[in-house]
Amino acid sequence: MWEADKAMDRETLEQALIARHGAENQKKFAAASVGVAGLGGLGSHIAVLLARLGVGRLVLADFDRVDVTNLHRQHYFLPHLGQYKTEALVQQLRQINPWLDYEVHTCKVSADNACTLFRGCQVVCEAFDKAEEKAMLVSTLLAGLPDTTVVAGSGMGGTGSANAIRTQKAMGRLYLCGDGESDIALGQGLMAPRVAVCASHQATMVMRLLLGKSEP
Amino acid sequence: MLQVNGEPLNRTGLNTVRDLLDQKGWKADQVAVELNGTILRREDFSTIRLSDGDKLEVVRFVGGG
């Protein structure tokens, strides 16, 4: 079993983050609390990016297990097959930064539990698959957590240009990333590069919000 | 008149938020709706009455993630 504290010490890793990100920025990332709802194609990549930033507390929720049909676009490997996504992902995140606070919830996120799960998060990323679930989560969090901003993904299917994917401010506390149109229901598939572009848009907006930048 | 996603819209025949969604062909379970700055719960779409001057933002989601 690989052991983090034998490979690296906390001070050295934190100094490396400060060297690359700047001390002021790193202080804000380290103090932040961010949620990711759904750990599939969007959420697994978002979580990896936020762990690399050194976001102090990550709240990660998903009910599902890693399946062979996930490997084409989600941040999991063959040895993870059958494991809960929460556990498979945190294993990886601990190898990026073992000193962040990872709070995992292996359960289905619903209108009844969403606000309890993500209370205290400055920002929550919506990273579900189905349009109905996306709408449910966004409405529930915006209505129930008045101090939380939501960054959602909508429209990253198919083989269209990466340039069609963008970030926009849709409501006071809602940012929307994606092309807004390419629905999986259209049968055009979901491809790793385009899904990862959308995930990067979401993670970039989170980064900006944590630094006090509200423009998309 | 209503304002929907920044565009003016005649309110004739639109009594509730649900009426607006139906007229636009937007599925109620795939949208988030903000009315005059307040997020609405889905179960209230059919009961909240629309008035002249109301400003609505309707975000529609498509699947994939």
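The criterion of being assigned to a strand (DSSP E or B), more than 10 Å from chain B (Cβ to nearest Cβ) and among the β-branched types (Val, Ile, Thr) does not hold for A:THR159. Against the criterion of being modelled with pLDDT of 95 or more, assigned to a helix (DSSP H, G or I) and aliphatic (A, V, I, L, M), A:MET207 qualifies.
Each row is one residue, and each column tells you yes or no for (1) more than 14 Å from chain B (Cβ to nearest Cβ); (2) without any contact (Cβ under 8 Å) to a residue 60 or more places away in the chain; (3) within 22 Å of A:TYR84 (Cα to Cα); (4) surrounded by fewer than 18 Cβ atoms within 10 Å (Cβ to Cβ).
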| residue | (1), (2), (3), (4) |
| --- | --- |
| A:GLN15 | yes, yes, no, yes |
| A:ASN25 | yes, no, no, yes |
| A:VAL34 | yes, no, yes, no |
| A:GLY40 | no, no, yes, no |
| A:HIS45 | no, no, yes, no |
| A:LEU71 | yes, yes, yes, yes |
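Pull up the stretch B:1-49, narrow it to residues that are assigned to a helix (DSSP H, G or I), away from chain A (no Cβ under 13 Å) and among the charged types (D, E, K, R), then point me to the one that is surrounded by the most Cβ atoms within 10 Å (Cβ to Cβ). Among residues in the stretch B:1-49 that are assigned to a helix (DSSP H, G or I), away from chain A (no Cβ under 13 Å) and among the charged types (D, E, K, R), the one surrounded by the most Cβ atoms within 10 Å (Cβ to Cβ) is B:ARG18.
Would you check if A:ALA152 is at pLDDT 95 or above, part of a strand (DSSP E or B), within 12 Å of another protein chain (Cβ to nearest Cβ) and under 23 Å from B:LYS27 (Cβ atoms)? Full working, then the answer.
Numbers: at pLDDT 95 or above: yes; part of a strand (DSSP E or B): yes; within 12 Å of another protein chain (Cβ to nearest Cβ): yes; under 23 Å from B:LYS27 (Cβ atoms): yes.
For A:ALA152, the condition - at pLDDT 95 or above, part of a strand (DSSP E or B), within 12 Å of another protein chain (Cβ to nearest Cβ) and under 23 Å from B:LYS27 (Cβ atoms) - is met.
If the condition is being under 24 Å from A:VAL195 (Cβ atoms) and assigned to a loop (DSSP other than H, G, I, E, B), then the stretch A:118-147 contributes A:CYS121, A:ALA127, A:PHE128, A:ASP129, A:LYS130. For B:GLY65, indicate whether it is part of a loop (DSSP other than H, G, I, E, B) and touching a Gly at 6+ places or on another chain (Cβ under 8 Å). Taking the combined requirement at face value, the residue satisfies it. Annotation note: Cβ proximity below 6 Å between a residue of the stretch A:166-177 that is facing chain B (nearest Cβ under 10 Å) and a residue that is among the hydroxyl-bearing types (Ser, Thr, Tyr) and assigned to a strand (DSSP E or B) (sequence gap 6+ or interchain) occurs for A:ARG173/A:THR149. Among the residues of this structure, A:ALA135 counts as one that is free of Cβ contacts under 8 Å to residues at least 12 places away in the same chain and surrounded by 23 or more Cβ atoms within 10 Å (Cβ to Cβ).
Could you list all residues from the stretch A:57-72 that are of a type outside the set (A, V, I, L, M, F, W, C) and out of contact with any Leu (no Cβ under 6 Å at 6 or more places or on another chain)? Outline the logic, then answer.
Of the residues in the stretch A:57-72, the ones of a type outside the set (A, V, I, L, M, F, W, C) are A:57, A:62, A:64-65, A:67, A:69-70, A:72.
Residues satisfying the conditions are A:ARG57, A:ASP64, A:ARG65, A:ASP67, A:THR69, A:ASN70, A:HIS72.
Looking at this structure, is A:SER200 among the small types (Gly, Ala, Ser) and either facing chain B (nearest Cβ under 10 Å) or under 17 Å from A:PHE128 (Cβ atoms) (or both)? Steps first, answer last, please.
On the way: among the small types (Gly, Ala, Ser): yes; either facing chain B (nearest Cβ under 10 Å) or under 17 Å from A:PHE128 (Cβ atoms) (or both): no.
For A:SER200, the condition - among the small types (Gly, Ala, Ser) and either facing chain B (nearest Cβ under 10 Å) or under 17 Å from A:PHE128 (Cβ atoms) (or both) - is not met.
Number of residues in the stretch B:50-62 that are more than 7 Å from chain A (Cβ to nearest Cβ) and either part of a loop (DSSP other than H, G, I, E, B) or under 10 Å from the mean Cα position of the chain (by Cα) (or both) equals 8.
The values are calculated or read from the model by the stated rules, or taken from the named source; none is laboratory data. Every value quoted in this text rests on a predicted model; they were computed, and no experiment measured them. Positions of Cβ are generated from backbone atoms using ideal geometry, with glycine treated the same way; all protein chains shown enter the neighbour counts.
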